[in-house]
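Reading through the structure tokens given below for one structure.
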Amino acid sequence: MKKDNRFVSMDINGKTYKFPFTSPTAGPNVIDIRNLYKEADVFTYDPGFTSTASCQSDITFIDGEKGILQYRGYSIEDLAEHSHFLEVCFLLLYGDLPTYDEMVRFEELVTMHTMVHEQLINFYRGFRRDAHPMAIITGVVGALSAFYHDSIDINDPQQREIACIRMIAKLPTITAMAHKYSIGQPYIYPSNDLDYSSNFLKMCFSVPAEKYESNEIISTAMDRIFMLHADHEQNASTSTVRLAGSSGANPFACIAAGIACLWGPAHGGANEACLMMLHEIGTPDKIPEYLKRAKDRNDPFRLMGFGHRVYKNFDPRAHVMKKSADAVLDLVDSKNKPILNVAKELERIALEDDYFRDRKLYPNVDFYSGIILNALGFPTSMFTPIFALSRTVGWISQWKEMIVDPTLKIGRPRQKYMGKVNLEYIPVEDRPK
Ligand code: CMC
């Protein structure tokens, strides 16, 4: 945010107050109301933070009206087309694309940390076999602080750095182990000769009894899903990570908090809910019935994978995802093709419908991601864990940025209290029977 000398005046209870009016590099101007309460003794009221910038950040820019998403200034379309996930990790963490040598060193560093402490296996055994993998990874990631004592001092830059690398390196292993545990197969150790995405796929789908061969088209589709989900500025889970981190909590605890928040169906859980919905619809002739329900205010049903708090235009990630869905389904799976057709038809009809047009509801990233993940062989319960794995780099980059921000304060929103006050306590025996 540029410092300038502009102010906005606010008349509050007959007195005029001035607040700095600042312009970011891109996006709406910002009124800096940090002194509002101190000076004017009032709060602002903004449930869901629809008009509140909670921090200053250099990482990700979204223009929801135009459907633009950029990581450190690079468009998501360009990155999805030309880059790969580990390069995007470097970009998000350090602010610039790496040189060739930096890329090689970074890949070696991440690869060196892909294994998890052997004792972590005991944690997995404590969960029921039918536990949702999100429940497992929330617990296991939180438990990492009990295993990696040399990376929890948030005041030591070296420890912060190693915590970031560990998180990026270990999440694929932790997520794949949750999958293997739920299907009763042996865990597969990471293969450091494979790239990040191929290694993850191998840990999920290979078995010790058989030779595993990776497929480049599938690995590229996986890598693209990781890239598209890597960061999304101050969404609910990222804000949760920042809020947890603002108290000085260690990075593993903060990421576990983010994972827990991501699980909800309005956030990362939407991909699972969306594929279930598409299967429930089943055939294009049922679409009008479901659209009618989605438009009915008295029916809680919503079109999953549609709408977004920030995008009031196409979610740019949905475009890339749709192309990927076509490529993957052509290659691997014909049984999901009818579902892809239902999705395309649903999108077409919804976008011609006044209800969705008036409310600017477009397909979001989750509309097509479930179809791809399912075609790759993942059960629906693994969709949100894969989102969590991908988003980990975004969370940890935001946490890293926050820790060195000189304006950092513990996050402590206030409230508009509407409850009772000053009641007199009456002992239970004196209350009406
Ligand atoms: N189906 C039907 N109506 C909808 C939908 C939908 N998917 N989304 C929003 N609306 C309607 C909503 O009923 C409201 O109508 P009205 O003005 O008549 O009351 C209007 O559109 C505005 O909705 P809102 O709930 O005020 O919008 P929001 O910004 O609070 O919610 C959202 C955003 C993503 C939670 C919501 O669009 C939704 O529930 N979508 C389905 C779940 C989903 O796909 N979530 C994934 C989001 S992308 C991945 C991520 O970032 O996590």
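Couple of notes before you dig in:
- Surface per residue (accessible, 1.4 Å probe) for region 380-420, Å²: 50
- Loop-resident GluC sites (Glu not before Pro) (DSSP state other than H, G, I, E or B) in region 396-433 with no more than 14 further Cβ atoms inside 10 Å of their Cβ: Glu424.
- Gyration tensor (alpha-carbon) shape descriptor, region 271-347, a/c threshold 1.5: oblate
- Extension gain, Asp96 back to Arg293 (0.36 nm per residue minus Cα-Cα distance, nm): 66.3 nm
- Average accessible area per residue (Å²) across region 241-361 - probe 1.4 Å, nucleic acids and ligands excluded: 48
- Normalised contact order of region 1-147, rounded percent, pairs of Cα under 8 Å and 6 or more residues apart: 10
- Once the Cα atoms are used to define both axes, helix 157-183 deviates from the longest principal axis of the chain by about 60 degrees.
- Computed over the chain, the per-residue total of -39500 (n - 2.57) for DSSP H runs of n ≥ 4 gives a 222 nm mean residue ellipticity of -15500 deg cm²/dmol, rounded to 500.
- Proximity of backbone amide H atoms, modeled 1.01 Å from N, is registered between Tyr187 and no other residue at under 5 Å, excluding neighbours fewer than 5 places apart on the same chain.
- Legend: distances between Cα atoms for Lys295/Lys322; Lys15/Lys360; Lys295/Lys416; Lys38/Lys312; Lys180/Lys292; Lys66/Lys409; pairs beyond 29 Å are Lys15/Lys360; Lys295/Lys416; Lys38/Lys312; Lys180/Lys292; Lys66/Lys409.
- Carbon/sulfur fraction of accessible area - the chain, other protein chains in place, 1.4 Å, %: 52
- Accessible area per residue in Å² at 1.4 Å probe, computed on region 1-105: 65
- Listed residue (Asn35, Phe106, Ile281) projecting farthest to the positive dipole end of the chain, Cβ model: Asn35
- Rounded D (µm²/s) - region 289-427, Kirkwood Rh over Cα pairs, Stokes-Einstein at 10 °C, 1.306 mPa s: 85
The values are calculated or read from the model by the stated rules, or taken from the named source; none is laboratory data. All figures in this text were calculated on a predicted structure; none of them were measured in a lab. When we count neighbours, we look across all protein chains shown, and the Cβ atoms used for this are built from the backbone with ideal geometry, even at glycine. To get the accessible areas, we keep the full protein, side chains included, count just its heavy atoms, and leave off ligands, DNA and RNA. Shrake-Rupley method; radii C 1.70, N 1.55, O 1.52, S 1.80 Å.
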